[in-house]
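One structure below.
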Amino acid sequence: MKVTRSTISEPGTLTFVLLAHPTAEVNLNTTPMKILLIFTTAFLSLTAGMSTSAESSSRSEMRIPVMVELFTSEGCSSCPPADALLQKLDVQPIAGEEMIVLSEHVDYWNHIGWKDPYSSHFYSDRQSAYARRLGLSDVYTPQMIVDGTSQFVGSDETLADKAFAQALTKPKIAMRLTSVSIGATNVLLAHVETGSLQESFGLRMADVYVAVALNRAESHVSHGENAGRTLAHTAVVRSIVKVGSIRQGQAFDQDIQVKLDPGTDTHNLRLIAFVQEPGQGRVIGAAMHTVDAAMTARN
C-alpha cells in the first residue's frame, strides 16, 4: 500500500630468546654470538611482520556504520515485510558494515481504523523533509532511507543491497558512545565523541543528534489493514534530539542527557548517535549502544 502525502616455531627458538636477555654475558668475537645476531635479526623481523599482520587484521575487522531509517506504520498492510527486513539488518548480516537501524512510525495512517501506538507526527515531518531534500513528489510507506541519501521501497532487498554497497564507498566521521546509563530521574546519560569534521567531507558544519529507541516492540492489531495480526518491530524510535553542531576542523565531545517517557522499559533501550548534514542531508557518521548492556557492564 502506498499513501501519497507530500596470526618460527623452530627447535631452539626459546634458546635464542634467553641468549638475547639483557643480563646475558657474551663474547662479541665468538661464532655463537654471530649466530645469535643472525637469529635475533630474524626474530625481530618475524615479530614485526606479526605486528603488521595483526594491525591489518584489526583494520579488516573494522566495520563502516550505515544508518538505515525505515518509515513504517502498523496501519499499512505493505509494511510488515519491510519491518522484517529491518530486523534482519539489525543482526548485522553484511560483512564490513555496521547496520544502525531506526524504525520511525508515521501517523498519517492512523485515520483508517488503527492508531499506531508508536507513531508520531514528528516522524511524518521527518519523512516529508527527506522527500523535499531528495526531490520526491510524495511520501509513502514502507520507505527505507540509507545514510540520508538513498531511498526505496522498504521491502526491496535488491535496491537495499545496492544502497548498502554504495554506502561503503562514502567517508564517515568516527563516533563513539560511552558512559551510557540511566539516571535516578528517568534520564538517559551518555558521552558522545566524534572525530574532527575534515574538509574532505565538503561541509562547513554538521549537526549531532541522538535517538532513543526500543530494541523490540510488538502489537496485536485489532483494526485496519493489519487487523488480527501480531506485528513485531525492532529499534522503534521514541525520540530524536539535536544535541549540538560541529564546524569544519572541530570535533564533538560532550555529555548528553535525554529525558525518558514515564513507564519506559530501561532494559529494552538502545541509544543511537549520528552526524548529519544540516537540512536533513546525508548522514556522515553514526554509532549505537544498547543501554541494558551498558548498564550491566557498569554494575
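The values are calculated or read from the model by the stated rules, or taken from the named source; none is laboratory data. The shown structure was predicted, so the numbers you read here are calculated from the model rather than taken from an experiment. Cβ placement follows ideal geometry from the backbone for every residue including glycine, while neighbour counts extend to all protein chains displayed. When the accessible area is computed, the model is the full protein with side chains, heavy atoms only, and any ligands, DNA or RNA have been set aside. Shrake-Rupley method; radii C 1.70, N 1.55, O 1.52, S 1.80 Å.
Structure notes:
- Solvent-accessible area of the range 222-299 (1.4 angstrom probe, protein heavy atoms only): carbon and sulfur portion equals 44 percent.
- Extension reserve of the Lys115-Ala95 stretch, reckoned as 0.36 nm per residue once the Cα distance is removed: 3.4 nm
- Bins of 5 Å from zero: percent of alpha-carbon pairs in the range 108-181: 3, 12, 18, 17, 18, 16, 10, 5, 1
- Estimated distance in nm for a label pair at Ser179 and Gln198, the labels positioned 7 Å out from Cα along Cα-to-Cβ: 2.8 nm
- Near the amide H of Glu225, within less than 5 Å, lie no amide hydrogens of residues on another chain or at least 5 residues away, with H placed in the peptide plane.
- Of the trypsin sites (Lys or Arg not before Pro) in the range 113-182, those whose Cβ has at most 16 other Cβ within 10 Å and which sit in DSSP loop: Lys115
- Take the Cα of His191, step 7 Å toward its Cβ, do the same at Glu157, and the gap between the two points is 4.2 nm.
- Dipole in debye (nearest 20) - the range 217-261, about Cα centre, beta carbon charges: Lys, Arg +1; Asp, Glu -1: 140 debye
- Converting phi to 3J(HN,Hα) with the Karplus coefficients 6.51, -1.76 and 1.60 and the offset θ = phi - 60°, the range 258-273 yields 10, 6, 9, 5, x, x, 5, 6, 6, 9, 9, 10, 9, 10, 10, 10 Hz in sequence order, with x at every glycine or proline.
- Potential lengthening of the chain between Gln166 and Lys259 amounts to 29.9 nm, from the contour at 0.36 nm per residue minus the alpha-carbon distance.
- In the range 184-286 the Cα-Cα distances spread across 5 Å bins starting at 0 as 2, 11, 19, 17, 14, 12, 10, 7, 4, 2, 1 percent of all pairs.
- Here the range 59-138 yields Rg over Rh of 1.06, to two decimals, using C-alpha coordinates and the Kirkwood radius.
- Using θ = phi - 60° and Karplus 6.51 cos²θ - 1.76 cosθ + 1.60, couplings along the range 206-213 (whole Hz; Gly, Pro as x): 9, 9, 10, 10, 10, 10, 9, 9
- Cα-only Debye scattering, the range 70-212: base-10 log of I(q)/I(0) at q = 0.14, 0.21 Å⁻¹: -0.83, -1.41
- Cα-centred dipole magnitude for the range 192-299, charges only on beta-carbon of K, R (+1) and D, E (-1), debye, nearest 20: 80 debye
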